[in-house]
Amino acid sequence: MHFELNETQTLIQQTARDFSQRRILPEAAKIDREGRFPAELIKELAELGLMGVNVPEALGGAQAGPIAYVLAMMEVARACASTAVTMSVSNMVAEIITRFGTDQQRSKYVPKLCSGEFQAGSFALSEAGAGSDPGGLRTTARRDGDSWILNGEKTWITSGDRAGVLVVWARTGSPETHAGTKGISCFLVEPGTPGFSVGKHEDKMGIRGSTTVSLLFDECRVPASALLGEENRGFRIAMVALDGGRLGIASQSIGIATAALEETVAYVKERKQFGHPIADFQAIQWQLADSRTELDAARMLTLRAAWLKENNQPFSAEASMAKVFASETAVRVCNRCVQMHGGYGFTRDYAVERHLRDCRVTTIYEGTSEVQRMVISRAALA
Ligand SMILES: Cc1cc2nc3c(=O)[nH]c(=O)nc-3n(C[C@H](O)[C@H](O)[C@H](O)COP(=O)(O)OP(=O)(O)OC[C@H]3O[C@@H](n4cnc5c(N)ncnc54)[C@H](O)[C@@H]3O)c2cc1C
């Protein structure tokens with residue numbers, strides 16, 4: 001067993017770190033305050049190869065593998081959680097089109113996602129009535145000659161108003177023969193397609209620079225060639241994508257909490273009460289010790305799951321373990337960091353306030369903590 005990174009992983013980590021600290025971090029508070037989508041930063045991330053870290057070079061990616069990807073995500077999230085989630089979902093979309101797409105679909109979309117020609121890719125699974133249970137989705141697609149016609153509404157879609165391509169799940173099977181998850185297919189939809197429009201923009205607690213919108217499909221006609229994978233076999237694509245996506249969100253959680261902890265270490269050395277820096281008090285030291293330990297454990301779980309993926313081994317339960325542990329750790333750590341800042345931590349003058357708001361969603365999206373525990377317990381009981 002060895003813990004060293006290889007040359008490519010070190011290079012990607014260093015590149016992501018340098019860029020994030022130099023270019024993203026100075027923008028992060030403004031992005032949050034203005035709720036501004038970081039379009040220019042995404043373009044620059046793409047130029048560094050970070051919008052297709054685990055995508056083959058032949059399709060414009062960096063071909064650096066899942067471990068390099070999680071390392072890069074941690075660095076970007078350490079600077080700006082909004083930029084990181086945009087990067088995470090776009091990387092996921094590029095990976096699934098690479099894996100499940102035809103040659104034509106791959107060459108049409110993946111290079112544009114990787115190069116930043118597209119500002120983002122979107123993953124449109126959730127609906128108002130189908131969140132934790134996406135198998136209950138109600139958007140439909142019916143075959144009409146050489147086309148599919150989509151009807152329905154998606155909610156909570158990250159970058160849905162910015163994406164150059166959206167992966168959309170819809171029900172195609174008849175309830176008699178293809179009920180539940182067995183009757184769902186996956187489609188690649190382009191913005192501007194007649195019958196497709198963007199609805200409500202969510203006004204969120206955190207990751208305010210990332211857009212979250214609903215999508216409306218009203219007799220939206222896409223060509224037969226827009227089907228990704230096989231008819232009625234699309235649910236599996238979503239599950240495979242989410243396994244990888246959860247590594248992205250685990251890494252995002254770790255990045256946010258790492259930033260909060262670093263800022264808190266600096267603060268407790270400066271802040272004096274009772275004639276001492278508060279770092280001298282054991283109550284503070286133990287919060288730092290617990291936070292560091294838990295964050296390191298989260299990092300190990302995430303790297304282990306990424307290693308399994310990199311080595312083509314099953315990693316679904318391990319990705320869920322990493323996601324549930326890293327996200328819950330991030331919420332705990334950021335909460336402690338606000339506490340260690342006292343009243344100042346409750347103001348916008350210190351970034352820990354943003355970190356706590358930004359990390360809160362990590363236990364919810366790409367499967368809530370409860371859903372991760374369902375995945376893990378299913379593996380435990382198998
Ligand atoms: C900012 C943001 C961005 C998002 N981006 C995307 C995106 O890009 N694409 C996309 O498809 N979706 C996206 N989502 C949706 C997200 O994945 C869902 O919000 C999430 O899966 C939970 O679904 P829900 O909100 O409907 O909650 P519900 O499923 O209604 O859950 C409510 C509560 O009940 C619990 N619960 C539900 N079922 C069970 C059960 N069987 N056992 C125990 N507890 C249970 C849940 O854990 C949760 O605590 C995003 C969400 C947010 C907030």
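FYI, it's all coordinate maths here, none of it is from the lab. Computed from a prediction, not measured in an experiment: that's the story for all the values here. When we count neighbours, we look across all protein chains shown, and the Cβ atoms used for this are built from the backbone with ideal geometry, even at glycine.
Which of rounded, prolate or oblate describes the range 7-118 when judged by the alpha-carbon gyration tensor and an a/c cut-off of 1.5? Display every interim value, and only then the final one.
Values: a/c = 2.31, a/b = 1.47, b/c = 1.57.
It comes out oblate by the Cα gyration axes.
Build a GNM of the chain with springs between Cα atoms under 10 Å: which of Thr172, Thr362, Thr102 gets the top mean-square fluctuation?
So, out of Thr172, Thr362, Thr102, the one fluctuating most is Thr102.
Among Trp307, Trp286, which comes first, then next, by fewest other beta-carbon atoms within 10 Å?
Listing Trp307, Trp286 from fewest to most nearby Cβ atoms yields Trp286, Trp307.
For the chain, set up a Gaussian network in which alpha carbons nearer than 10 Å are linked by springs, and say which option among Gln285, Gln105, Gln372 fluctuates the most.
Among Gln285, Gln105, Gln372, the largest GNM mean-square fluctuation belongs to Gln285.
Report the one residue of Leu228, Gly342, Gln14 whose Cα lies farthest in the direction of the positive end of the charge dipole of the chain (charges on C-beta: Lys and Arg +1, Asp and Glu -1; origin at the Cα centre).
About the Cα centre, the residue reaching furthest to the positive side is Gly342.
With viscosity set to 1.306 mPa s and temperature to 10 °C, compute the Stokes-Einstein D of the range 236-381, Rh being the Kirkwood radius across alpha carbon pairs; µm²/s, no decimals. Walk me through the numbers on the way to the answer.
Values: Rh = 15.9 Å.
D = 100 µm²/s.
What list of ³J(HN,Hα) couplings, whole Hz, do you get for the range 251-266 from phi and the Karplus terms 6.51, -1.76, 1.60, once you set θ to phi - 60° and write x for glycine and proline?
Using θ = phi - 60°, the values come out as 5, 4, 4, 5, x, 4, 5, 4, 4, 4, 5, 4, 5, 6, 4, 5 Hz.
Show log10 I(q)/I(0) for the chain at q = 0.06, 0.07, 0.13, 0.14 Å⁻¹, two decimals, from a solvent-free Debye sum over equal Cα scatterers.
One equal scatterer on each Cα of the chain leads to -0.23, -0.31, -1.02, -1.17.
With an 8 Å cut-off on Cα pairs and a minimum separation of 6 or more residues, tell me the relative contact order of the range 236-381 in percent.
Details: 176 pairs, mean separation 48.5, N = 146.
For the range 236-381, the relative contact order is 33 percent.
Could you go through the range 75-84 in sequence order and give the Karplus-derived ³J(HN,Hα) for each residue, using 6.51 cos²θ - 1.76 cosθ + 1.60 with θ = phi - 60°, rounded to whole Hz, and x for Gly and Pro?
Each residue of the range 75-84 in turn: 5, 5, 5, 4, 8, 7, 5, 5, 4, 5 Hz.
Taking the chain as a Gaussian network, where each spring joins two C-alpha atoms under 10 Å apart, which residue of Gly343, Gly209, Gly101 fluctuates the most?
For the chain, modelled as a Gaussian network with Cα springs under 10 Å, the answer is Gly343.
For every helix of n ≥ 4 consecutive DSSP H residues, a contribution of -39,500 (n - 2.57) applies; sum these over the chain, divide by its total residues, and give [θ] at 222 nm rounded to the nearest 500 deg cm²/dmol. Numbers along the way, then the final one.
Details: 11 runs with 193 residues, N = 382.
Rounded to the nearest 500, it is -17000 deg cm²/dmol.
Within the chain, what is the number of lysine pairs with alpha carbons under 20 Å apart, leaving out pairs fewer than eight places apart on the same chain? Walk me through the intermediate numbers first.
On the way: Lys30/Lys43; Lys30/Lys204; Lys43/Lys108; Lys43/Lys112; Lys154/Lys182; Lys154/Lys200; Lys154/Lys204; Lys309/Lys323.
So the count of such lysine pairs works out to 8.
Please go through the range 77-157 and write out the trypsin sites (Lys or Arg not before Pro) that DSSP classes as loop and that have at most 15 other C-beta atoms within 10 Å. Present the calculation step by step, with values, prior to reporting the outcome.
Working: sites: Arg78, Arg99, Arg106, Lys108, Lys112, Arg138, Arg142, Arg143, Lys154; in loops: Arg138.
The qualifying sites are Arg138.
With a Förster radius of 30 Å, plug the Cβ-Cβ distance of Gln285 and Leu11 into 1/(1 + (r/R0)^6) and report the FRET value to the nearest 0.05. It would help to have the intermediate numbers written out before the result.
On the way: r = 36 Å, r/R0 = 1.19.
After rounding to 0.05, the efficiency reads 0.25.
Step through the residues of the range 271-287 one at a time and calculate ³J(HN,Hα) from phi using the Karplus curve (6.51 cos²θ - 1.76 cosθ + 1.60, θ = phi - 60°), rounding each to whole Hz and writing x for Gly and Pro.
Taking θ as phi minus 60°, the curve returns 5, 10, 9, 6, x, 9, x, 5, 4, 6, 8, 5, 4, 6, 4, 6, 5 Hz for the range 271-287.
If you place +1 on the Cβ of every Lys and Arg and -1 on the Cβ of every Asp and Glu, how big does the dipole about the Cα centre of the range 221-301 come out, in debye to the nearest 20? All intermediate terms of the calculation are to be shown ahead of the outcome.
Values: 9 positive and 10 negative charges, 39 e Å.
Its charge dipole is roughly 180 debye.
For Phe3 and Arg138, what does the FRET efficiency come to when R0 = 41 Å and r is the distance between their Cβ atoms, rounded to the nearest 0.05? Numbers along the way, then the final one.
Working: r = 47 Å, r/R0 = 1.14.
It comes to 0.30.
Can you list which of the chymotrypsin sites (Phe, Trp or Tyr not before Pro) found in the range 201-274 are DSSP loop residues with at most 10 other C-beta atoms within 10 Å? Numbers along the way, then the final one.
Working: sites: Phe217, Phe235, Tyr267, Phe274; in loops: Phe274.
The qualifying sites are Phe274.
Given Cβ point charges of +1 (Lys, Arg) and -1 (Asp, Glu) and nothing else, what value in debye, to the nearest 20, does the dipole of the chain about its Cα centre take? Show your work: numbers first, answer last.
Values: 42 positive and 44 negative charges, 94 e Å.
Charge dipole, the chain, about its Cα centre: 460 debye, nearest 20.
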